[in-house]
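Written below as structure tokens is the structure these notes are about.
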Amino acid sequence: MDWTLAIDRHRDALLRMVAALLLMAGGGQVMPRHVRTGIWRVLRPAEAAFRRLVVVVKLVLKIEARTRVSRGGPVSAGGFSRGTGASVPAFALFDARKSFKPRSAWRGRKPEPNIRFFDDVEIFEPVVISSPDDEVSPAQLMRRLSALQAALGDVPKQARRLARWEAKREAGRSETGKYIAPIRPGKPPGHRDRGQHPVDFVLKDCHALALYALHDPPDTG
């Protein structure tokens, strides 16, 4: 397999998608809710695809950990460091962990108003129903987009970050007995069985590449 060609092709595809998402975002202080939702639906699988691409690069380049721990790394598995000012946050190199807690049967507020009684006086609580056209803050979305765009600009650097964090977690394994891999078991975040957006195909390919590289490390020597 031509690993370099595969890596470059998927990186270029993700760069084009991020550029399109930034154009959709517009850079304003607020955006319509339906626009933000549409961007999230592409950004989440794009992030998962890039995490898998970083794993492939780390294995292809045979990158090993150094003693220095990366500054501004992820604050938790799947979390993002939250830099201050205009700094770009570091990209989260680990998938968010799955929650195995049982889901509640409650699916949100009902359309009818809630009624409470105080001293025989009925008090109606108005129900606020969100609209797709509501203006919402894109702050978190823009941080994630900026982090992904910056990380795509230097994939080997992200692979070195991953090697350092894996070594750090492996060192702590002797104390806690736990180790969290960058790729969670099962389907990746943002996976859609019948997804037809280009990001769905990129995620599928990157996930397959990462699994292949993990189980059969590439011999590039």
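Taking region 19-44 as the region of interest, how many residues are more than 14 Å from the chain's Cα centre (by Cα) and part of a helix (DSSP H, G or I)?
Adding up the residues that qualify gives 13.
To keep it simple, each residue is scored yes or no on (1) among the hydrophobic types (A, V, I, L, M, F, W, C); (2) surrounded by 14 or more Cβ atoms within 10 Å (Cβ to Cβ); (3) more than 27 Å from Ile180 (Cβ to Cβ); (4) at pLDDT 95 or above.
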position	(1), (2), (3), (4)
Val128	yes, no, yes, no
Ser131	no, no, yes, no
Arg144	no, yes, no, yes
Gln149	no, yes, no, yes
Leu152	yes, yes, no, yes
Gln158	no, yes, no, yes
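Here is a check on your reading of the model: is Ile180 surrounded by 14 or more Cβ atoms within 10 Å (Cβ to Cβ) and not basic (Lys, Arg)?
Yes, satisfied.
The values are calculated or read from the model by the stated rules, or taken from the named source; none is laboratory data. Just so we're clear, the structure is a prediction, and the values are computed from it rather than from any experiment. Don't worry about glycine lacking a Cβ; one is built from the backbone with ideal geometry, like all the others, and counts go over all protein chains shown.
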